[in-house]
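Asker: Got a structure for you, questions after.
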Amino acid sequence: MEEVPLEAPRAPLSQTPQQGAEAAAAEARITVDSPEAMQDLGRTLAGLLRPGDLVLLTGELGAGKTTLTRGLGEGLGVRGAVTSPTFVIARVHPSLSGGPALVHVDAYRLGGGLDEMEDLDLDVSLPESVVVVEWGDGKVEELSDDRLHVVIARAVGHEEVMDDVREVSVRGIGARWSAPGALEAL
């Protein structure tokens, strides 16, 4: 089998004037070779999350955003099957174990930024939940100075060999993620 280089283009962080001075406090890059491994990464990531955490997921259609979120839901021990909320915009999965609920949002069809997102009352849900927003880049950063930005990119190469391979970049933004080794578990 031929070695194929992995390339993951970095999506720029959308910045408002108040966020311009913020920098990524922690970063981890992980190569995932199957949907099961993506779900495992979600379970591992769930172990780092606590109520009030905001996670932005960026990646093309079919990159694995919902698969990662399914693993997050399993790791957080929430009720209900985690599926894409594309047509309902948002789903709330209450905890089965006394932990935070998972609020799973798909902002793909929302073009109005935070103004349009306000109808979802994410600012009310955020303090006691883990809020995961697919396609949220440039739309919900104002909800929290502290957040994780997860970018999922397909590996570049022969599609028949690399179809399931993804390069995942996890960047912690803000004081919450500034501690040394904040993402070390990944």
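The values are calculated or read from the model by the stated rules, or taken from the named source; none is laboratory data. Because the structure is a prediction, the values reported are computed rather than measured. All Cβ positions, even for glycine, are placed from backbone atoms using ideal geometry, and neighbour counts span all protein chains on display. In case anyone asks, the SASA skips ligands and DNA or RNA and just uses the protein heavy atoms, side chains included. Shrake-Rupley method; radii C 1.70, N 1.55, O 1.52, S 1.80 Å.
Asker: Provide a single number: the residues in region 92-108 that are more than 15 Å from Leu56 (Cα to Cα) and open to solvent by 70 Å² or more (accessible area, probe 1.4 Å).
Answerer: Qualifying residue count for the region: 4.
Asker: Which condition breaks for Ser125 when tested against (1) at pLDDT 75 or above; (2) open to solvent by 20 Å² or more (accessible area, probe 1.4 Å); (3) among the polar types (S, T, N, Q)?
Answerer: Ser125 satisfies all of (1) at pLDDT 75 or above; (2) open to solvent by 20 Å² or more (accessible area, probe 1.4 Å); (3) among the polar types (S, T, N, Q) except (1).
Asker: Taking the conditions exactly as written (acidic (Asp, Glu) and at pLDDT 90 or above), does Glu159 satisfy them or not?
Answerer: Criteria not met by Glu159.
Asker: Looking only at region 47-83, which residues are surrounded by fewer than 22 Cβ atoms within 10 Å (Cβ to Cβ) and either assigned to a strand (DSSP E or B) or hydrophobic (A, V, I, L, M, F, W, C) (or both)?
Answerer: Leu48, Leu49, Thr58, Leu61, Ala63, Ala81
Asker: Among residues belonging to region 92-116 that are outside any loop (DSSP other than H, G, I, E, B) and closer than 20 Å to Ile152 by Cβ, point out the one that is modelled with the lowest pLDDT.
Answerer: That would be Asp106.
Asker: Let me ask something else about it. List the number of the failed condition for Thr86; all other conditions in (1) open to solvent by 20 Å² or more (accessible area, probe 1.4 Å); (2) at pLDDT 80 or above; (3) within 17 Å of the chain's Cα centre (by Cα) hold.
Answerer: So Thr86 meets the others, but not (2).
Asker: Still on this structure, please answer the following. Answer yes or no: is there a residue in region 142-156 that is more than 17 Å from Met38 (Cα to Cα), open to solvent by 70 Å² or more (accessible area, probe 1.4 Å) and at pLDDT 85 or above.
Answerer: Checking region 142-156: at least one residue is more than 17 Å from Met38 (Cα to Cα), open to solvent by 70 Å² or more (accessible area, probe 1.4 Å) and at pLDDT 85 or above.
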